[in-house]
Each structure stands twice: as C-alpha cells, then as structure tokens.
Amino acid sequence: MDLAIIVLSLILLMVFAYRGFSLIFIAPVFAVLAAVTSDYASMPVYSELYMTKAAEYIKSYYPVFLLGAAFAKIMEEGGLAASVASKIVSVLGKERAVLAVLLGCGVLTYGGLSVFVVAFVMYPFAAILFKQADIPKRLLPAILWMGIFTYSMVSLPGTPQIQNIIPAAVFGTTTWAGIGQGLLASVLFFIIAYVWISYRAKSLKNKGEGYGKHILNEPEDNNEKLPDWRLSCVPLIMVIVINLYVSNPFNWDWAFHWDENSLSTFAPLNLSLIAASVAKVQAIWSINVALILSSIVAAWIGRKKLKRLGGVMHSINAGAIGSTSAVLNVASGYAFGCVIAALPAFAMIKSALLGLSLGDGPLFSSIVTTNIMVAITGSSSAGLMITVGTFGQEWLTWAQQVGMSPEVLHRIVCIASEGFDSMPHAGALVTLIAVCGLTHKESYYDVFVLTVMKFFVAFVCLIAYMLFGLV
C-alpha cells in the first residue's frame, strides 16, 4: 500500500503538471499525499521535511539563479544576445539553417544565459530562418531543445548552467570535471540532433510539406540596430574564462585559490546550513563571481539600448523577479523528491537502484536512477538534485572503493540528466512549445524520437569509460 501511494502521488504530480498546474502549489500537496499511509504526520511532513529541503535548495542555488537571470536579462534587453545570434544565423544562412540554430543556441547557453532566455532570443531568428529555407516549423521545438538543453547545458566542460553545478556540491568537483566524457557526449548530442532534424526536414520536404501557415507568435523581421557582435561576445567569453580562472580546476599555481579556512570562522555559530568544506561550494562561488563581472561589462556594452528600456535597473529587477519563480519551481520538485526518498517504503526502491551495476563502479546505477528522477519531475535540475542528494554519498563511496575519479561520476550524472527530462509534462518543454506558437500534437513527435536517442548517450559514455578509461 505504501508503494502504491507513492506511485499514485508521482502519477498525479505528472498529470497535474502536464495540465498546467503550478509545481509550486501541487508539489507539497502530493508530497503530503505520498506520506499519508506512513507513520509520519501530515503537517510535520510539510513544514519540517518538505519546506526544510526546499529552503536548503534555495540557500545553495538561488544566487546562481538570481545572477544568471540578471546577466541574461542585461544581455537580452541590451541587444547583445540578439547580436550574437544574428551574426551566427547570417554567416551560415538558410542553406545551413539547422546548423545555425544548433550553434546559436549552444553559444548563448554555454556563455551563461538562462536557458529560457536563450529560447526567447533564438526563436525569432530560428523561425525566420526556417521560413526562408521552407523547413516545417513543427521541427523548431526539437532543434531548439537540442541546441539549448543538451550539449551546451550538461556536457561541455565548464558550462555555467545549474545542472553542471549541482553535482559539484556533493562530489567536491568543479564545473570542468570529466572533460573527455563531456566532449564525447557533446559530439553525440550534436550529431544526433543535426542528423535527425536534417533527415526529417528533407523527408517532409519530399512529401510536399514546407514551413506551413502559422499565425500564432510569428516573428517579424527586425531591422533594429544592435551592438557590434564582437563586443557582444565579450561577456559570454568572460563567463567561461573567469569561471575557469576562479574555480581553478587544474590547480594552476597562477590561477585563483579559495581560502580553505574561510568557513571555519562560522564554526562557533553552529549553523547547520554551512557547507562542510570550501570544495563543496567553490563551484557556486566561482560562477557567481563570473556572472557579476560579466554583467557589469554587458551593461556597459549595451548601455544605449538599455537606457531606452529604463536602464540597467529594469533588467536587474526583471531578472530578479523571474529568478524567484524559477528557483521556487525547481526547489519544489526537489523537496517533493526528498519527501519520497525519506519515506520507509522508498528504502526498497533505493536498495534496488543502488544494486544496479555494469562493470565496476556506480555509473550504471547513477544513469538509470537519474533518468527515473528527471522523468518523474520533468526537470533535469530538480531530478539531478534529488538524485545526488539521495544517492550521491553512496555513489561517491562506491567510486572511491573501486578507484574511480569523482569527476567521471560528476559528468556522467550530468549527461544522464538530459535523457528523459523532455517528457511531455516537462515545464521547460511546455514553455518552449508555447514560445514557438505550436502544440504538443504538432511538434512532440520529433522531441520524443530525440528523447529516446539522447537517453543512450550516457550509456555510450559509460562504455567508453569501461573500454578505454575515458575520463
């Protein structure tokens, strides 16, 4: 009965989220429902377990959401993001429309822009380009997803997105962990997207299907003067370079070194939320520094356009408001998963998942478990946070016992988080399809096919590690 109630709560969460209910509201409702047959009383589950876990997530990651959203808004409203995207699109042209969209999304995402902002920025360029090339518009959500949410978000080493930061807090790694695994996965994600969408575009064109007659959210050609694309690239490059210098993943003597004793001054306060060591938080600190400095430079480059929209204060305020909703959504999914993981009935599920193995080490277990969690929550970040929070220490101990580097584990769980996170109820996917002015019925087929394909990327990386020791 306890397991049945857990499964029921998970199904209801997915159904209600798919129907448009806010995760912020329904997650605590179904978390309490999941615990109704356990020995835990309902109100303590809500106030002491669910809310505590949500607060822990917000404490750890809200600065990244806040600064990332502010940076993205400055880049967007200052015209810098559009300038970079426009340049990539114009250079490659309609003949290479699929490649242009994949690269444009990747550059902006890897440069530190919020994935949702990248979707809003890239959609008009992608839609116009697809229309010029007469490629069916219903392929847009699939190609935008693969450009924004795959290789540049989870697998390219050093990517400043939250999915690459979450494992660092548990494994004591940096955002540059698992370079070999990350590059292999990036190539695979890119090839899968390019080959499938190119094939579909050609196949549909041979059947007489073109862009189509669409009226919802159709972009218009905008001849507005934008900042120079070379200057616009500077803040994006700064995010990567400063993060590399400050996080110092290769322990260079000339690069920055965080003070290992900086947290010890808080010991007399006996604060339970203080990190155990600098290694657990230096990845977050490094990204924060990179985003602050890059935002200042971006604001100066885009100052003329920002001034017409109310100044940099308008961008910062808009980013701050948007970041609140984003972090609450992810924290809600994380807290829901933590309640499930804390229930006695979940112990059987946890034991079974930890027992999964293929060769030596926890990689197979981590891939399967991560995909299950992201499929349930419909979010790579929420699913990843639940996974490493629930299983991370056991996997880390397991890896150390077999002599596996934590960096490999870091990169594998990141890659796995981009397997089944494009389920129909995924909040990011629902938003992306709406931005494109389409429906699930029109566009989900290609997203589904790519979801199945990208699910196997993490397993290919696992095989590469087993056969060649690729780290």
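The values are calculated or read from the model by the stated rules, or taken from the named source; none is laboratory data. This structure is a prediction, so every number in the text was calculated from the model and none was measured. No Cβ is skipped: glycine too gets one built from the backbone with ideal geometry, and neighbour counts run over all protein chains shown. Note: accessible area is taken over every heavy atom of the protein model, side chains too, but ligands, DNA and RNA are not part of it. Shrake-Rupley method; radii C 1.70, N 1.55, O 1.52, S 1.80 Å.
So the values come out like this:
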item: Relative contact order %, the chain, counting alpha carbon pairs below 8 Å whose residues are six or more apart; result: 25 percent
item: Förster radius 35 Å - calculated FRET efficiency between Ile463 and Ser351 (Cβ-Cβ, nearest 0.05); result: 0.85
item: Nearby lysines by direct alpha-carbon distance to Lys131 (threshold 22 angstrom, same-chain neighbours under 8 apart not counted); result: Lys87, Lys94, Lys202, Lys205, Lys207, Lys213, Lys441
item: Accessible surface, per residue, of the chain when the full set of protein chains is kept, probe 1.4 Å, Å²; result: 42 Å²
item: Size of electric dipole in region 334-471: Cβ of Lys, Arg +1 and of Asp, Glu -1, about Cα centre, debye, nearest 20; result: 120 debye
item: Ellipticity estimate at 222 nm from DSSP helix runs (n ≥ 4, -39,500 (n - 2.57)) divided over the chain, nearest 500; result: -22500 deg cm²/dmol
item: Region 296-433, accessible surface, carbon-and-sulfur percent (1.4 angstrom probe); result: 65 percent
item: Relative contact order (%) - criterion: Cα under 8 Å, at least six apart; region: region 356-471; result: 30 percent
item: Span from the region 148-175 Cα centroid across to the region 233-301 one, whole angstrom; result: 14 Å
item: In sequence order, calculated HN-Hα J values of region 339-344 (Karplus, 6.51, -1.76, 1.60; Hz; x Gly/Pro); result: 5, 4, 5, 7, 6, x
item: Cβ-placed point charges (K, R +1; D, E -1), dipole of the chain about Cα centre in debye, nearest 20; result: 1360 debye
item: Mean separation of Cα contacts under 8 Å (6+ apart) over length of region 353-396, as relative contact order %; result: 28 percent
item: Translational diffusion of region 50-142, µm² s⁻¹ [Kirkwood Rh, Cα pairs; Stokes-Einstein; 4 °C; 1.567 mPa s]; result: 90 µm²/s
item: Top positive-direction residue, dipole computed over the chain with Cβ charges, set Pro406, Ala318, Ser42; result: Ala318
item: Potential lengthening between Trp300 and Ser42 on full extension [0.36 nm per residue; Cα-Cα distance subtracted]; result: 87.7 nm
item: Burial order of peptide ranges 114-122, 316-324 (average beta-carbon count within 10 Å, highest first); result: 114-122, 316-324
item: Tilt relative to the chain, helix 406-416 - C-alpha long axis, 0 to 90 degrees, to 10; result: 60 degrees
item: Carbon and sulfur %, accessible surface of region 91-212 computed with the full protein complex present, 1.4 Å; result: 65 percent
item: Sparsely packed GluC sites (Glu not before Pro) within region 191-286, loop by DSSP, other Cβ within 10 Å at most 10; result: Glu220, Glu224
item: Burial ranking of peptide ranges 291-304, 325-338 (average Cβ count within 10 Å, highest at the top); result: 325-338, 291-304
item: Dipole of the chain [Lys/Arg +1, Asp/Glu -1 at C-beta], most positive-end residue of Gln282, Val101, Ser90; result: Ser90
item: Förster radius 22 Å - calculated FRET efficiency between Lys207 and Thr439 (Cβ-Cβ, nearest 0.05); result: 0.60
item: Among Val374, Ala298, Ser198 - extreme Cα towards positive end, dipole of the chain, charges at beta-carbon; result: Ser198
